[in-house]
Amino acid sequence: MSEVIIIGCGIAGPVLGMLLKHKGFDPIIYERQPEIQQAGLSLSVSPQTFKVLNILGLAESLISLGQPLEELSTYSQLRHELLGTIDGPAQMHKRTGWPMLMISRARYCQFLYDSAKEKGVEMHFNKRCVDVRQEAERVTAVFEDGTQAEAGLLVGCDGLRSSVRNVLFGKEEATYMGLVQIGGFTPTPDFFKSWKPTLYQAFGDGAHFMCVPFNSSQMVWTTTLPQPTEAREDWRRLSIDAAHEMIKGLQVAEWEHGPKELVQGATFVTKYGLYDRPILDVWHKGRVVLVGDAAHPTSPHIGQGANQAMEDCYHLVRLLCKASSFTTDSLEAAFTEYERIRHPIVVKSVSHAKMEGEKRVMVGREACEQRDEAMLRGRGYDPERARLQMELIQGPFQGESEI
Ligand SMILES: Cc1cc2nc3c(=O)[nH]c(=O)nc-3n(C[C@H](O)[C@H](O)[C@H](O)COP(=O)(O)OP(=O)(O)OC[C@H]3O[C@@H](n4cnc5c(N)ncnc54)[C@H](O)[C@@H]3O)c2cc1C
């Protein structure tokens, strides 16, 4: 009775699978895509993730695949001035022992999949979960191809548009937030070649630009813009013609102090809308529980989505180990405790990300000048955001892991 069905092999799915296997459970992952998707831009990996991956002996290997950051630097296009540079990521590294790493999402997913495979986690692709049925001591996942799988427990790691969540709590669409991000990869322009590994951002009137190195020769950049018409997120590469057409119309394609070179030199460009789904108060029903974006999707502005999902995985596995058996009562107690610990933290993280997004796309010269003036006082960084970031990265445990 230790089988666990995991729906979704994005970021949370394979990590949860590995942690469960490590503790003697029998996880099986089902993913709707035919294979690991080579899609998306980059993700920021903060110390919480390394603490969790270190339990599995994977933290150091992941670091070797990305770019640890050292500085944060902010420029104002309105003031034509650098607002400041701080060594926040280097300080974070010093205090926690783990870096803040930028990595291509495709590479990260491939690494997690390869690691899960190596550790013997069973995974099946082309399996879109369309229904979940519960009776007595068992739960059954029903797939689009007509097949079924049965276990004592099912975890929905199926992201923003989670079908498991729809089955548990009723169908509800993700809502468009009125913001799009356009981003791409560019060979590192000369302008940035002498920089330390830096997360660099530029603020303007109605647009924000951000870029980071994600290996020794490439940078990833994104611009966030308000856009009233909906743009669904599919994270796929645009054709060269479509990319050039889109870049032509971008405010940031003409911005000084770096953005222009990066945008105009892009070799890969993608566009996606930002979507929201409310954070539920309860993330479980019976033998089914939600993890990561399925429970608490977030806008990406403070880079915490994937990291918060790791904390979910850690606590869920820790509490399942404590529960020892999958009786209805012990699962109810474990899931309730899991939500009690995780809910307040993700509420903080998600609402802060939303506020950061609003600040980035502020429109109107006067308001933007006031924002930039305030940032100048904080050397380009909002002290409240710095405090919250430091607080968030302390999770999911201090000292030794309990699993
Ligand atoms: C293709 C893609 C690209 C992304 N790119 C970026 C990016 O560049 N930057 C960024 O900040 N965030 C990106 N994100 C979001 C980010 O990865 C997540 O917010 C975060 O990692 C949380 O991880 P998760 O495992 O909860 O969800 P996800 O990483 O979204 O994983 C969910 C997985 O579940 C699968 N799935 C969904 N429905 C079903 C179903 N019914 N049956 C079976 N499987 C199902 C999906 O195919 C996916 O593999 C991307 C997400 C996706 C899916």
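A short reminder: the numbers here are calculations on the coordinates, not readings from a lab. Quick caveat, the model's predicted, so the values are computed rather than measured. In this analysis, Cβ positions are derived from the backbone assuming ideal geometry, glycine residues included, and neighbour counts consider all displayed protein chains.
May I ask which of Lys94/Lys260; Lys51/Lys94; Lys119/Lys285; Lys193/Lys354; Lys285/Lys348 have a Cα-Cα span longer than 22 Å here?
Checking Cα-Cα distances, Lys94/Lys260; Lys119/Lys285; Lys193/Lys354; Lys285/Lys348 exceed 22 Å.
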Exercise for the section: Give the order of Thr223, Thr198 when sorted by the count of other beta carbons within 10 angstrom, beginning with the fewest. Expected result: Thr198, Thr223
Fill in the blank from the handout: Hydrophobic long helices for the chain, i.e. whole DSSP H runs reaching 30 angstrom or more by Cα along the axis with Kyte-Doolittle mean at least 0.0, come out as none
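Counting other Cβ atoms within 10 Å of each Cβ, which GluC sites (Glu not before Pro) in region 214-275 have at most 13 and sit in a DSSP loop?
Glu230, Glu256
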Problem - Whole-angstrom gap from region 372-397 to region 288-340, using each part's C-alpha centre - result: 26
Fill in the blank from the handout: Simple SL model, points at 7 angstrom along Cα→Cβ for Ser401 and Gln134; separation in nm is 2.8
Fill in the blank from the handout: Comparing Phe335, Phe125, Phe209 in a Gaussian network model of the chain (Cα, 10 Å), the one with the largest mean-square fluctuation is Phe125
Practice task
Mind putting a number on the dipole of the chain about its Cα centre? Charges go on the C-beta only, +1 for Lys and Arg and -1 for Asp and Glu, and I need it in Debye to the nearest 20.
Solution key: 340
Completion exercise
Reduced to Cα centres, the span from region 108-149 to region 39-87 in Å works out to 31
Practice task
Please report the orientation-averaged projected area of region 239-351, defined via the convex hull of its C-alpha atoms, in nm².
Solution key: 9.7
Problem - Cα lying deepest toward the dipole's positive end in the chain, options Leu41, Leu53, Leu331, charges on Cβ - result: Leu53
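When Lys and Arg each count +1 and Asp and Glu each count -1, what net charge do the other residues less than 12 Å away from Glu135, Cβ to Cβ, add up to?
Spelling it out: positives minus negatives among the neighbours equals +1.
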Fill in the blank from the handout: Under the rule rounded for a/c under 1.5, else prolate if a/b exceeds b/c, else oblate, using alpha carbon gyration tensor axes a ≥ b ≥ c, region 1-133 is classed as prolate
Exercise for the section: Enter the per residue convex hull volume of region 203-298, computed from alpha-carbon coordinates, in Å³ rounded to the nearest integer. Expected result: 153
Exercise for the section: Compute log10 of I(q)/I(0) for the chain with the Debye formula, placing one identical point scatterer on every Cα and leaving out solvent, at q = 0.06, 0.07, 0.09 Å⁻¹, to two decimals. Expected result: -0.24, -0.32, -0.53
Problem - Fewest-first sequence of Thr74, Thr96 by Cβ atoms within 10 Å of each Cβ - result: Thr96, Thr74
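Please get the size of the charge dipole for region 33-147, origin at its Cα centre, with Cβ charges of +1 on Lys and Arg and -1 on Asp and Glu, quoted in debye to the nearest 20.
180
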Practice task
Rank these for me by crowding, Trp221, Trp255, going from fewest to most other beta carbons within 10 Å.
Solution key: Trp255, Trp221
Practice task
Could you check which residue among Ile29, Ile86, Ile103 shows the biggest mean-square fluctuation in a GNM of the chain with a 10 Å Cα cutoff?
Solution key: Ile86
Handout entry: Per residue Cα convex hull volume in Å³ - calculated over region 265-315
Key = 124
